[in-house]
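The values are calculated or read from the model by the stated rules, or taken from the named source; none is laboratory data. Keep in mind the model is a prediction, meaning the values are calculated, not measured. Cβ placement follows ideal geometry from the backbone for every residue including glycine, while neighbour counts extend to all protein chains displayed. Note: areas computed on protein heavy atoms with side chains; ligands, DNA, RNA excluded. Shrake-Rupley method; radii C 1.70, N 1.55, O 1.52, S 1.80 Å.
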Amino acid sequence: MGLGYGPVVALYTALSVGGIAWKLNSAWWTMTYGKGQGGGGQMDPSEAARTLQAMLQSSVVVALLVNLLVNFFLLVTLSMKTVFFGQLSLVETQKVVERLINYVLFKGLFLTWVVRPEMMQIAVWLAWFSVLGFLKMFQGLARDRLERLNASPSATMLAHIRVYTVLLFVLLFDLLWMQLCLLLFKDTGTSTFLLLLFEPLSIAFDTLQAVIVHGMQLLDTWQRQNLDISAHDISLQPSERSAAGAAWEWRGTVVRNCSFVMDIVSLLLALGHCVHIWWLRGLAFQVVDAILFLNLRALLSAISKRIKGFMRLRAAMTTLQGALPDATQDELLGYEDDCAICKEPMARAKRLPCAHLFHLACLRSWLDQGLADTYSCPTCRRPLFMGGFRTATNNLQRLVDVPTASPGTNETQAQVAQRQDLAAAPSPPLTTLTPAPAP
Ligand SMILES: [Zn+2]
Ligand SMILES: [Zn+2]
């Protein structure tokens, strides 16, 4: 939705309001003056009700009302988009359009082939799906935006909170909507009830997951900012720093496991919905069955992919720290580029087998995104771990086993502290792309 639609929608809303007001006014006029009761006569409640009923039977009034509702809905959507997201990027717009098309197609199919509603019911279903689609689109948009903000180190806390509010709003509204669903459709029979409940339930799960994951990240960013500030004031002891690192690591693990579990639950929910629809329809070997079958297959493969990806990620995360060597000062000075993931300068970095340098936190987030099937360098796509995980694990063992340097060696105290730090807390924060402080 571009920026130019706002005034048009607002105009249409105003026109519909004007039209309805005019209709109401003329009806009131006929009622009070049309029957010769004299100026400003008392309004009879039963007659008012009858007039309203008559008005609702007029197709012009109904058209005006529908127009008002649709435009009001669009107006709310556009305002929310402007207030919470501002201008959408091209990628975001593409994603929203893609999701919207998928949603409309699948729901359209669902209505025409599974529910087969009558004319009046169609309106109810359309309203139902519009509200849920609204929640779904905003949830997706908020997740995209938060991920983008996480990847940009210059994003402020306020920008995060602004988008995070949308997630909370969607969750709250969705829970209320589910409550409404429980109240209104409790008696419609289990099958219809389950069909209706699926979409709000799946939105609730997805949103809850995003709320937890991004809430943790928000907390993480906030703590890091605080730590950065206090680190400027008093020099923190290495033990304190490693303690903070351990806390972050713990939180990262929670986030990773939590999103895994909720992803699986959400996928199983969708699978159940799909099977339910099929069970309702019976096998008829029509086009819609083929679509359902493809959908089912995609869901099953998504579940298996998610499980495999999770196992692989766990293995990679534990080996990443030790498997890759730290870049030396000379390498850092000789490296002309910034970190290619966060575009920030590097004071400390990991050197990949292909000689590209990255922040450790950035590499972790790269792994966490799971963009590639095999873990590879974000710049040149060469494999991240040359000898596979086993060699990498051995490397880690060697790193931990290195005896503490004696005062006689030329290792600086900072290097010793750093190595002890690394051994004590092998994995600082996940997913958050906070670069090391600039030199
Ligand atoms: Zn970086
Ligand atoms: Zn590379």
Filter result (of a type in the set (S, T, N, Q) and within 18 Å of Ile291 (Cα to Cα)) within segment 92-109: Asn102
Glu118 open to solvent by 30 Å² or more (accessible area, probe 1.4 Å) and either over 28 Å from the mean Cα position of the chain (by Cα) or at positive phi (or both): yes
Some residue of segment 318-330 being within 14 Å of ligand 1 (Cβ to nearest atom), more than 14 Å from Trp366 (Cβ to Cβ) and not polar (S, T, N, Q): yes
Selected residue (only one of Thr165, Thr192 is within 21 Å of the chain's Cα centre (by Cα) and β-branched (Val, Ile, Thr)): Thr165
Counted residues, segment 89-118 - those being outside any helix (DSSP H, G or I) and either outside the structural domain of Val166 (by TED's automatic domain parsing) or of a type in the set (S, T, N, Q) (or both): 1
Hits in segment 139-156 - residues which are among the small types (Gly, Ala, Ser), part of a helix (DSSP H, G or I) and without any contact (Cβ under 8 Å) to a residue 60 or more places away in the chain: Gly140
Subset of segment 47-68 [closer than 30 Å to Leu141 by Cβ and either among the acidic types (Asp, Glu) or surrounded by 15 or more Cβ atoms within 10 Å (Cβ to Cβ) (or both)]: Leu65, Asn67, Leu68
Exclusive hit being within 16 Å of ligand 1 (Cβ to nearest atom) and modelled with pLDDT of 85 or more, set Lys343, Lys305, Lys350: Lys350
Helices (runs of 4 or more DSSP H) within segment 261-375 that include 2 or more residues open to solvent by 30 Å² or more (accessible area, probe 1.4 Å) and β-branched (Val, Ile, Thr): 287-323
Sole residue being within 15 Å of Gly272 (Cα to Cα) and either modelled with pLDDT of 85 or more or crowded, with 17+ Cβ neighbours inside 10 Å (or both), chosen from Leu168, Leu201, Leu182, Leu172: Leu201
Out of Phe193, Phe134, sole residue that is aromatic (Phe, Trp, Tyr), outside the structural domain of Leu74 (by TED's automatic domain parsing) and touching a residue at least 60 places away in the same chain (Cβ under 8 Å): Phe134
